[in-house]
Amino acid sequence: MSARFGPAGNADSFPYKSSVDAPRWLNELGLDCYEYQCGKGVNVGEQTARRLGAAAREAGIALSLHAPYFINLANPEPESLQKTIGYIVSACRAADWMGAGRVVVHSGALMKRSRRAALDIARLSLKAVLAACDEAGFGHIALCPETMGKINQLGDLDEVLELCTLDERLVPTVDFGHLYARTLGGLSGPEACAAILDRIRAVLGEQRAAGFHSHFSKIAFTPNGGEKMHLTFAQTDFGPEPEPLMAEVARRGWSPIFICESAGTQAEDALRMKRMYQARLSYAPQRP
């Protein structure tokens, strides 16, 4: 099994009238996955979701879904936790209608707490979320905590990996643009890519690491805050560059899902990533 590549988006993101048309269009481009965006809330209806899922299966497009952006696993207030549970269960319900196997979840904000305190709260919250998802019948859907791009957000690589140790169903969403931005450009290039992948394997083991979920885009950052805005591959002032990562994943023979989040060119840039990966795959020696 090889890596899959596709864009993030919804009906407003691409040149078609309905999200239901996305899978066929993406298949014709040469892509093979798609992440449906519910960042502003889970507003997709059951009929539309089921039609999208049927179209995706016909076109061979693997679906994932992004849960609402305003989820904060690190908020300890009981009322906030119940809202978080509700948002994630709703996201899983929509994913289930579509046949999407993965739901991406933001880790949260520090809220003036230490990183350790915020992570401990997020661990407890995520356990409650998993229990609620199981009770609702969505235990077959993988939740994918995401690495975040702002320095004051919970969700550096080690924090996300620690969350994923809570249950084998949890899959890390490693956003390489976010890691680049929150380290002010520090995590970029071949050595950084290898170190990130090595760290995932060290914490989760080879099998789980090989199938990680990923977002990728170039991201502009500010010196004090981290992430500022998403860019396109054609913009060169900021990184990271995709080719070192494609080369390293191909060398290892891993099969992650790569969702491109470029600013308006996410489908075109996803295809560029796939071509880089395939070119490297054709001659990459496999790591033992």
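The values are calculated or read from the model by the stated rules, or taken from the named source; none is laboratory data. Bear in mind the structure is a predicted one, so any value in this text is a computation, not a measurement. Don't worry about glycine lacking a Cβ; one is built from the backbone with ideal geometry, like all the others, and counts go over all protein chains shown. Accessible surface areas use protein heavy atoms only, side chains included; no ligands, DNA or RNA. Shrake-Rupley method; radii C 1.70, N 1.55, O 1.52, S 1.80 Å.
Hey, what's the Kirkwood Rh for the stretch 92-209 if you take every pair of different alpha carbons, in angstrom?
So the Kirkwood estimate lands at 14.9 Å.
Cα extents of the chain along the three principal axes, largest first, in whole Å?
51, 43, 37
If R₀ is 25 angstrom, what is the calculated FRET efficiency for the pair residue 207 and residue 43, using the beta carbon separation as r and rounding to 0.05?
In this case the efficiency is close to 0.10.
Hey, what number do you get for the chain at 222 nm if only DSSP H runs of n ≥ 4 count, each worth -39500 (n - 2.57), divided across all residues, to the nearest 500?
Computed ellipticity for the chain at 222 nm equals -13500 deg cm²/dmol.
Would you kindly state how much longer the chain becomes between residue 162 and residue 282 on full extension, computed as 0.36 nm times their sequence separation minus their alpha carbon distance, in nm to one decimal?
Full extension from residue 162 to residue 282 adds 39.8 nm.
Carbon and sulfur together cover what percent of the accessible area of the stretch 54-137 at a 1.4 Å probe radius?
55
Can you give the accessible area of residue 222, probe radius 1.4 Å, in Å² rounded to 10?
It works out to around 50 Å².
Largest first, how would 115, 50 line up by accessible area (1.4 Å probe)?
Final ranking, largest accessible area leading: 50, 115.
Going by a ≥ b ≥ c, the root eigenvalues of the Cα gyration tensor, does the stretch 160-283 fall in the rounded group (a/c under 1.5), the prolate group (a/b larger than b/c) or the oblate group?
Oblate, because a/c is 1.5 or more while a/b does not exceed b/c.
Using a/c under 1.5 as the rounded threshold, could you call the stretch 76-139 rounded, prolate or oblate? The axes a ≥ b ≥ c are square roots of the C-alpha gyration tensor eigenvalues, and prolate needs a/b larger than b/c, oblate otherwise.
It comes out prolate by the Cα gyration axes.
What whole-number distance in Å separates the alpha-carbon centres of the stretch 153-214 and the stretch 227-248?
With the stretch 153-214 and the stretch 227-248 each reduced to a Cα centre, they are spaced 17 Å.
Treating the beta-carbon of each Lys and Arg as +1 and of each Asp and Glu as -1, no other charges, what is the dipole magnitude of the stretch 8-124 about its Cα centre, to the nearest 20 debye?
For the stretch 8-124, the charge dipole is close to 400 debye.
Going by average Cβ neighbours within 10 Å, how do the peptides 23-31, 143-151, 190-198, 1-9 rank, with the highest at the top?
So the peptides 23-31, 143-151, 190-198, 1-9, ranked by packing, come out 143-151, 1-9, 23-31, 190-198.
Residue 128 versus residue 115, label points 7 Å from Cα toward the beta carbon: distance in nm?
The answer from the label model is 2.5 nm.
Fully extended, how many nm does the chain gain between residue 220 and residue 1 (0.36 nm per residue separation, minus their Cα-Cα distance)?
Computed gain between residue 220 and residue 1 is 75.5 nm.
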